[in-house]
Amino acid sequence: MSKGPTHFSRSTQFLLVALLLTAGFVFVLLRMAMIQLVQYGKWDQLATRQHERKISLHVERGTIYDRNGKVLAINIDVPSLYAIPDEIVDRKEMARLLSSHLPISKKELVTKLNRGKDFIWLARKIDPDRLNGIKSVGGIGTLTESMRFYPKRALFGHILGFVGIDNEGLEGIEHKYEKRLRGEPGEVFVALDGHGKSIYPKGFNYIPPSRGEDLHLTLDETIQHIATRALRHAVTRTRAKGGTAIVMGPHEGAILAMVVYPPFNPNAIDQYHPSGWRNKAITDMYEPGSTFKIVTAAAALEEKRVFPDQMIDCEKGSYRVSGTIIHDHKPMGRVPFFDVVAHSSNIGMIKVASRLGRVQLASYAKSFGFGSRLGIDLPGESPGLLRETQKWSDRSLASIAIGQEIAVTPLQMAVAASVIANRGWLVTPYTVMNGSASPRKRVLSEKTADAMTKMLRRVVSEGTGKRAAIAGFSVAGKTGTAQKIDSGTGQYSEKGFMSSFVGFVPADAPMLTILVMIDEPQEETFGGEVAAPAFAVIGREALHYLRIAPAMPKAVVAQRRHALGSASPRNGVKI
Amino acid sequence: MTRVGYEIQEMQRHKKKLMKLHKELLIEVESLSALDRIEERATSLLAMRPAQPEERIYIGRDVELSGR
């Protein structure tokens, strides 16, 4: 007997339906509880994301000025081109059209458009003229972005550095002062309707952008130009590889000019090899040669191992030290120590250094700022190279006394000369005005510094630095001609020289310390022939610009000098 | 009130426009006054040359200066 279909009683059917409905309600209630109570945060976040949009507000990077308020770095508004690939009907045709306006190939553009992204940049920060004929095409749009512009082009390139595509500082002052220059971008939250259109800005959630801070440098456009012109002339005249010039206020450490040749234009960084971006005035080391005798002589005088008029036997220009024959370019017999300095006798200086000893020479070299970073507010400063005395060979004392076996940066050499100009005080160089005096440290007594000034004046009046003389002004300084190391042989090169001159003017009331260094000059090689004339031109023109006249009373010069270190931001200093 | 509101908005737009113009002019001035450019124009177009030291005369007002 087959079973027929099961028949439930009406009451059972009612019970089943009620159970199903109850289960359904319970499920819905549980789900609601889950969403509203347990997963509240997650769903709220999703809803907010759908109904609100955060818009980043553009922030302007701070402007950089020179000491007189001339603009050195500023922002300009330029268009950037973007694409929304889904809205483009024919991507290949679009790529063809765009490639005729932009410096990108058609193939590259097609690849970009087919990457499957909702939004892509086609070209950022482009010349507005390139946009003619592109603007009205569907799926393509422009946004205005801020681009860094350097109106003085290459004049301050190595100091200012440059920024990246998103305006982040990558080199130079732009990098060092990134935090102050960049500012803080703002934000605004916008409420959206069901179609994704903005209803109203949510005023309570507005965070205004905070503009980047402006910077006022100690550098002076005119002095920088003077130094650039003189350095360029010296490098081209001697067919050298390059050169460096530094002009600074010796008393407070303010850098007035810092030039590296060949120049570098930060508006077109891609046209230079990265090595061309480097500020060699602070990053590169060289053996200073005879300019370092300033340190040896000052240390010996301070320690009373020699006196300015004490007679020193210069051995007629030939002298054996630790198995090596040392020569002088101008053979001399017994001469007073001031002539050892004036005529840059290696033998005389080595003899004086031997009275001083390695520990004291190393100690003074460190005190003058060698072997460690000076702390200038620029990135990439090199500490130079001054080995510990335990690692010195028998010949090291003699070598270091005349500026060999030691590596320095051009800035270190300029700061060391400033110690003499500053009557024994070592200052920390700086490029951005900050309203406070830079730290300083006493290295020599005033008496020693004054004696050194006298001897360095004699270098220019009687000795190797005659071509550094400036009519109407007293000049103190020292020449240097150092052989470079031949990278092939590891020995001193017979052809490659670093020729330099470092000094200060006016010697009786120093206003400016100037260093000129020429890298591998051809034919003429002596610092007194190659670098000293450039020093004289920079000194003469800079003093003229600063309204320092020949024979001007010391008090007036001192007054003008004071202004160099105390310029007020915005309006600059009235010199 | 509404009219004043519109006027303020209009003036703010005008101010923004003027500030943009000011910035553009500032950039133009700074670019055109770059010293290497001035020097190049002065020497090539106007046949000028830098004054030599012996051509300079210093005139003292409140300080005693040498004649030349």
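The values are calculated or read from the model by the stated rules, or taken from the named source; none is laboratory data. The structure displayed is predicted, hence computed values, not measured ones. Here the Cβ is made from the backbone with ideal geometry for all residues, glycine too, and neighbour counts use every protein chain on show.
Does segment A:366-383 hold any residues that are surrounded by 22 or more Cβ atoms within 10 Å (Cβ to Cβ) and touching a Gly at 6+ places or on another chain (Cβ under 7 Å), and which are they?
Passing the criteria: A:370, A:378.
Taking only pairs six or more apart or across chains, which ones have beta-carbon atoms under 6 Å, a first residue in segment A:466-492 that is within 14 Å of chain B (Cβ to nearest Cβ) and in a strand (DSSP E or B), and a second residue that is surrounded by 15 or more Cβ atoms within 10 Å (Cβ to Cβ) and at pLDDT 90 or above?
Note: pairs meeting the criteria are A:470/A:536; A:470/A:539; A:470/A:540; A:473/A:505; A:473/A:506.
Among the listed residues A:117, A:92, A:112, which satisfies the condition of being away from every other protein chain (no Cβ under 14 Å), basic (Lys, Arg), crowded, with 17+ Cβ neighbours inside 10 Å and not in a strand (DSSP E or B)?
Values: A:117 fails: crowded, with 17+ Cβ neighbours inside 10 Å; A:92 fails: crowded, with 17+ Cβ neighbours inside 10 Å.
Matching residue, one of A:117, A:92, A:112: A:112.
Just name the residue that is nearest to the other protein chains (Cβ to nearest Cβ) out of those in segment B:2-37 that are more than 15 Å from the chain's Cα centre (by Cα) and of a type in the set (D, E, K, R).
Of segment B:2-37, the ones more than 15 Å from the chain's Cα centre (by Cα) are B:2-21.
With of a type in the set (D, E, K, R) added as a condition, the list becomes B:3, B:7, B:10, B:13, B:15-17, B:20.
Numbers: B:3: 22, B:7: 21, B:10: 20, B:13: 16, B:15: 16, B:16: 12, B:17: 13, B:20: 8 Å.
Here the residue is B:20.
Among the numbered criteria (1) within 14 Å of another protein chain (Cβ to nearest Cβ); (2) surrounded by 15 or more Cβ atoms within 10 Å (Cβ to Cβ); (3) at pLDDT 90 or above, which one does residue A:545 miss?
(2)
Identify all residues within segment A:493-522 that are of a type in the set (Ser, Thr, Tyr) and either part of a loop (DSSP other than H, G, I, E, B) or modelled with pLDDT under 95 (or both); write none if there are none.
Taking segment A:493-522 and keeping what is of a type in the set (Ser, Thr, Tyr), we get A:493, A:499-500, A:513.
Listed by number, the list holds a single entry, A:493.
Is segment A:223-239 home to any residue that is farther than 26 Å from residue A:525 by Cβ and free of Cβ contacts under 8 Å to residues at least 60 places away in the same chain?
Looking for residues that are farther than 26 Å from residue A:525 by Cβ and free of Cβ contacts under 8 Å to residues at least 60 places away in the same chain, one finds none in segment A:223-239, hence no.
What is the residue count in segment A:142-167 for residues that are part of a loop (DSSP other than H, G, I, E, B), farther than 14 Å from residue A:268 by Cβ and within 11 Å of chain B (Cβ to nearest Cβ)?
Looking only at that region, the number is 0.
Select the helices (runs of 4 or more DSSP H) contained entirely in segment A:325-378, then report the ones holding at least 2 residues which are polar (S, T, N, Q) and over 33 Å from the mean Cα position of the chain (by Cα).
Working: elements: A:337-342, A:346-356, A:358-367.
Ranges flagged: A:346-356.
Enumerate the pairs (first residue in segment B:28-49 and assigned to a loop (DSSP other than H, G, I, E, B); second residue anywhere and among the small types (Gly, Ala, Ser)) with beta-carbon separation below 7 Å, excluding pairs fewer than 6 apart on the same chain, so at least 6 apart or on different chains.
Within 7 Å, the pairs are B:48/B:42.
Hey, could you check segment B:55-66 for residues that are at the interface with chain A (Cβ under 8 Å from one of its Cβ atoms) and at pLDDT 80 or above and say which is surrounded by the most Cβ atoms within 10 Å (Cβ to Cβ)?
Taking segment B:55-66 as the starting set, the residues that turn out to be at the interface with chain A (Cβ under 8 Å from one of its Cβ atoms) are B:56, B:58, B:60, B:63-66.
Add one more test, that the residue is at pLDDT 80 or above, and what stays is B:56, B:58.
Values: B:56: 13, B:58: 17.
The qualifying residue surrounded by the most Cβ atoms within 10 Å (Cβ to Cβ) is B:58.
Given the criteria in a loop (DSSP other than H, G, I, E, B), at pLDDT below 85 and β-branched (Val, Ile, Thr), does residue A:6 qualify?
Working: in a loop (DSSP other than H, G, I, E, B): yes; at pLDDT below 85: yes; β-branched (Val, Ile, Thr): yes.
Criteria met by residue A:6.
Kindly indicate whether residue A:463 is assigned by TED's automatic domain parsing to the domain that holds residue A:237, at pLDDT 95 or above and part of a strand (DSSP E or B).
Working: assigned by TED's automatic domain parsing to the domain that holds residue A:237: yes; at pLDDT 95 or above: yes; part of a strand (DSSP E or B): no.
No: the conditions fail for residue A:463.
List, please: which pairs have Cβ atoms under 6 Å, are six or more places apart or on different chains, and start with a residue in segment A:61-89 that is at the interface with another protein chain (Cβ under 10 Å from one of its Cβ atoms) and end with one that is of a type in the set (Gly, Ala, Ser)?
That search, which allows pairs on different chains as well, returns A:75/A:146.
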